[in-house]
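The values are calculated or read from the model by the stated rules, or taken from the named source; none is laboratory data. These figures come from a predicted structure and were not determined experimentally. Here the Cβ positions follow ideal geometry from the backbone for every residue, glycine too, while neighbour counts run over all protein chains shown. Ligands, DNA and RNA are stripped out before the accessible areas are found, and what is left, the full protein with its side chains, is counted by its heavy atoms. Shrake-Rupley method; radii C 1.70, N 1.55, O 1.52, S 1.80 Å.
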Amino acid sequence: MPDLTLRAPALDDVDAVVEVINRASRELRGRNDVDANAVEGWWAQPPPFDLARDAVVAVQDGRIVGYGDLGDQANDGSVLWLDVRGGAMPELHAELERRALDRRAPDGVVRAIADESDSELAVILAERGYHRIRASYRMGIDLRGRAFSPDWPPRAVVRTSVEGVDEPLLHRIGEESFADHWGHTPTPYEEWLHWLRSMGEGDPSLWFIAEVEGIPAGIAICRPYAHGNPDCGWVSVLGVLREHRRTGLGTALLTHSFGELQRRGRLSTELGVDAESMTGAVGLYERAGMRVLWQWDIWERDR
């Protein structure tokens, strides 16, 4: 590719990177995937993320044509994640992979995510020794013309969180709810606060806590809109403690969330979920009226 250079992104590259990601998303599935708030929130995450080290843009003839970043959530080199979007994917992936291998722990793994319909990226990954190991779904529901009435289990009630008071509780319930999920990495409280408040528009009136006999048992953390789609709400976290699973509490929390987002004028709502969730989350969401919109594949590099 002539005149192609790779460099670290600068803060004033946000709009160009948003367009690169959304152009690729429109080509794959006919819709935008991110907005400036999402990119700014990702770049502003607390250490160990370092924008100069962990993100790359591809520039051709003075224009940004591709973007990629590297994640090491546990900050120990155990699992490194690569995400590449737009043009110059072979060059971007090779550079990020090189950096990941430099930081990988002796028993660590390098993984990449790819839209299942992105045949170009799939070829690149296969040629570089990656294989599919798992998948996640984006699921959604059309809220128009529906009525949502949660069926709460006995002695269960829901309340809206109190900003400045309930954040530690939300963090604890979320961590405990997902502790037995595939690939879960505990998130320190301060980092979790960043994701709560800075990745998308934070709205405490959409942070819900379900209690059973006065004891917190589950949470739903929603955002008023999904990245790139102001008509669509987003369920960031739906978590129920193990002892309260399969009681209908998760379904009730989800249904309550649908109703609240509908009341705010959203036309649809979406969420992401592990396609092989051991808690049966996919089935729960389907019974609540959601359907799979598309699939992200998770690839792992052969050691």
So, first residue without any contact (Cβ under 8 Å) to a residue 24 or more places away in the chain and within 21 Å of residue 197 (Cβ to Cβ) in the stretch 26-41, second residue of a type outside the set (Lys, Arg) and open to solvent by less than 50 Å² (accessible area, probe 1.4 Å), Cβ within less than 7 Å, six or more apart or across chains; the pairs are 36/14; 36/18
Some residue of the stretch 97-106 being in contact with a Ser or Thr (Cβ under 9 Å, 6 or more places away or on another chain), open to solvent by less than 20 Å² (accessible area, probe 1.4 Å) and in contact (Cβ under 8 Å) with a residue 40 or more places away in the chain: no
Given the criteria assigned to a loop (DSSP other than H, G, I, E, B), modelled with pLDDT of 95 or more and among the charged types (D, E, K, R), does residue 163 qualify? yes
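Pick from 238, 271, 293: which is part of a strand (DSSP E or B), touching a strand residue (DSSP E or B) at 6+ places or on another chain (Cβ under 7 Å), open to solvent by 30 Å² or more (accessible area, probe 1.4 Å) and modelled with pLDDT of 95 or more?
Numbers: 238 fails: open to solvent by 30 Å² or more (accessible area, probe 1.4 Å); 271 fails: open to solvent by 30 Å² or more (accessible area, probe 1.4 Å).
Going through 238, 271, 293 in turn, the sole match is 293.
Residue by residue, here is whether (1) over 26 Å from residue 236 (Cβ atoms); (2) touching a strand residue (DSSP E or B) at 6+ places or on another chain (Cβ under 7 Å) holds:
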position: 91; (1), (2): yes, yes
position: 95; (1), (2): yes, yes
position: 100; (1), (2): yes, yes
position: 111; (1), (2): no, yes
position: 114; (1), (2): no, yes
position: 129; (1), (2): yes, yes
position: 146; (1), (2): no, no
position: 151; (1), (2): no, no
position: 160; (1), (2): no, yes
When only residues in the stretch 179-202 that are open to solvent by less than 60 Å² (accessible area, probe 1.4 Å) and assigned to a helix (DSSP H, G or I) count, which is nearest to residue 36 (Cα to Cα)? 198
Looking only at the stretch 88-113, which residues are closer than 19 Å to residue 297 by Cα and not in a helix (DSSP H, G or I)? 109, 110, 111, 112, 113
Would you pick out the residues in the stretch 18-58 that are over 19 Å from the mean Cα position of the chain (by Cα) and β-branched (Val, Ile, Thr)? 56, 57
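Against the definition (at positive phi and either among the aliphatic types (A, V, I, L, M) or under 15 Å from the mean Cα position of the chain (by Cα) (or both)), how does residue 164 come out, yes or no? Before the answer, list the steps.
On the way: at positive phi: yes; either among the aliphatic types (A, V, I, L, M) or under 15 Å from the mean Cα position of the chain (by Cα) (or both): no.
No.
Checking the conditions here, which among 287, 301 is basic (Lys, Arg) and either under 21 Å from residue 161 (Cβ atoms) or out of contact with any Phe, Trp or Tyr (no Cβ under 8 Å at 6 or more places or on another chain) (or both)? Before you say what the answer is, go through the steps one by one.
On the way: 301 fails: either under 21 Å from residue 161 (Cβ atoms) or out of contact with any Phe, Trp or Tyr (no Cβ under 8 Å at 6 or more places or on another chain) (or both).
None of the other options fit; the residue is 287.
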